[in-house]
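For reference, the structure discussed in these notes is given below.
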Amino acid sequence: MSYTFPVTHTATPKEKPDETQLGFGRYFTDHMFIMDYDEGQGWHDGRIVPYEPISIDPASCVLHYAQMMFEGMKAYRTPSGDIQLFRPDMNFERMNRTNERMCIPAMEEDIFMSAITQLVDVDRDWVPSVQGTSLYIRPFIFGDEVSFSVLPAKRYRFMVILSPVGSYYAANDGGLSTTRIFVEDEYIRAAVGGTGFAKCGGNYAGGMRASKKAAEHQCKDVLWLDAAEHRYVEEIGTSNAFFMINDEVITAPLMGTILPGITRNSVIQLLKKWGIKVSERRLLIEDVVKAAKDGSLKEVFSSGTAAVISPIGCLYYKGEDNQVADGKVGPVAQKVYDTLYGIQTGAVEDDMGWTVKI
Ligand SMILES: Cc1ncc(COP(=O)(O)O)c(C=O)c1O
């Protein structure tokens, strides 16, 4: 069953930004989706309204105890002008897993899908078409009860906002390039039993200190190690990490500490389909360093909605640079990027059944 929510159109549509200068999260569309939840009543009063600031009570529990979650996905403009989503069912499933962990009430799939598709449809003129651009979709839920009790809220808000975003690789016309990554062996992101697998704001606030340190060392992002021993590789910033040693591609297993990326899952499926050996297993940073030194580390790349695939040319660990192969973009990363990005944007035929037209 799909829902049709009431729409209040804006009386003052904004001027559309230059599609070649979008950045990430700098511009927002004309409308947003809001739905409320009250204990005893469930999710109710979904509506599309003009995009505007919201008012919130200073004692609202989210501002103090951070009971919230968010998701991230994109709508793409295909060469024929259609608009399509990439595996939105997986964002929905991950949202409810986060909700369960954060004691936020579950939502039914039809509400989520109807909210996203109807809002993107209302603002469809905002989906950019320049190479490398897309419409970033940010659904989020927060506890909105006026209370200082450290207890799950009785009132929530579900909102969806949209932002036209540019190419992650804007500096070089959409082509891939490698980055230098800081291997973090002091701070941790998530421990087994914690909230690492959930997409909740606290995970990101707690990671900023390490990102700052990485930037101070001229690194683009942080490679997190496990919390218990600081020895096993986990994920990179807001993306999942893949290491190709000889002919095996290795990525961290889902043990509750990393975010189960939708791009990660897609990369694994594509590699398997192409007959490339891919393992979800624990990998020691010492083995990665050893492989970099003896030449068996062929490629390192990360995967996520923002950049799709981001190849890594160098890992900075304990004061030393470890170059990955020749430091350039590897053939596996390039092929995965071309295929995935091609499917997402409709340039490559979707034989995986991953795209949903709006
Ligand atoms: C911590 C973290 N890991 C991995 C990812 C990649 O997930 P996805 O491929 O679903 O974007 C993200 C981005 O959502 C993230 O925030």
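The values are calculated or read from the model by the stated rules, or taken from the named source; none is laboratory data. Note that the structure is predicted; figures quoted are calculated from it, not measured. Reconstructed Cβ throughout: ideal geometry from the backbone, glycine too, with neighbour counts over all protein chains shown.
One line per residue, one yes/no per condition, for (1) surrounded by fewer than 19 Cβ atoms within 10 Å (Cβ to Cβ); (2) among the β-branched types (V, I, T):
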position	(1), (2)
K213	yes, no
E234	no, no
F243	no, no
N246	yes, no
M255	yes, no
L259	no, no
V267	no, yes
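Does V122 satisfy the condition of being crowded, with 22+ Cβ neighbours inside 10 Å and closer than 30 Å to T20 by Cα? Against the criterion (crowded, with 22+ Cβ neighbours inside 10 Å and closer than 30 Å to T20 by Cα), V122 does not qualify. Picking from residues in segment 151-171 that are out of contact with any Lys or Arg (no Cβ under 9 Å at 6 or more places or on another chain) and modelled with pLDDT of 95 or more, the one that is nearest to I312 (Cα to Cα) is F158. When S239, S279, S296 are screened for being outside the structural domain of R87 (by TED's automatic domain parsing), among the hydroxyl-bearing types (S, T, Y) and either closer than 23 Å to E349 by Cβ or within 16 Å of the ligand (Cβ to nearest atom) (or both), only S239 passes. Any residue in segment 73-81 that is among the hydroxyl-bearing types (S, T, Y), surrounded by fewer than 12 Cβ atoms within 10 Å (Cβ to Cβ) and without any contact (Cβ under 8 Å) to a residue 24 or more places away in the chain? No, because not a single residue in segment 73-81 is among the hydroxyl-bearing types (S, T, Y), surrounded by fewer than 12 Cβ atoms within 10 Å (Cβ to Cβ) and without any contact (Cβ under 8 Å) to a residue 24 or more places away in the chain. Residues in segment 119-134 that are assigned to a helix (DSSP H, G or I) and within 19 Å of G72 (Cβ to Cβ): L119, V120, W126. Within the set E39, E15, the sole residue that is at pLDDT 95 or above, on the phi < 0 side of the Ramachandran plot and not assigned by TED's automatic domain parsing to the domain that holds S114 turns out to be E15.
Taken together, T263, T257 contain a single residue that is of a type in the set (S, T, N, Q), within 12 Å of the ligand (Cβ to nearest atom) and in a loop (DSSP other than H, G, I, E, B), which is T257.
Can you name the residue in segment 172-211 that is farther than 21 Å from I285 by Cβ and away from the ligand (no atom under 14 Å from the Cβ) and, of all such residues, is modelled with the lowest pLDDT? Filtering first and then ranking leaves N172. Could you check segment 228-268 and list, in sequence order, the residues that are more than 20 Å from the chain's Cα centre (by Cα) and at positive phi? Matches in segment 228-268: H230, N246. The sole residue among Y341, Y337 that is of a type outside the set (G, A, S) and touching a residue at least 60 places away in the same chain (Cβ under 8 Å) is Y337.
Taking G261 as the residue in question, decide whether it is at pLDDT 95 or above and farther than 29 Å from K335 by Cα. Taking the combined requirement at face value, the residue does not satisfy it. Considering only residues in segment 303-335 that are under 17 Å from the mean Cα position of the chain (by Cα) and either within 15 Å of the ligand (Cβ to nearest atom) or more than 18 Å from K220 (Cα to Cα) (or both), the one that is surrounded by the fewest Cβ atoms within 10 Å (Cβ to Cβ) turns out to be A306. For segment 93-105, the candidate set comprises residues that are part of a helix (DSSP H, G or I) and in contact with a strand residue (DSSP E or B) (Cβ under 9 Å, 6 or more places away or on another chain); within that set, the residue that is nearest to G143 (Cα to Cα) is N99.
Candidates K290, K298, K277, K272: the one that is touching a residue at least 40 places away in the same chain (Cβ under 8 Å) and surrounded by fewer than 21 Cβ atoms within 10 Å (Cβ to Cβ) is K298.
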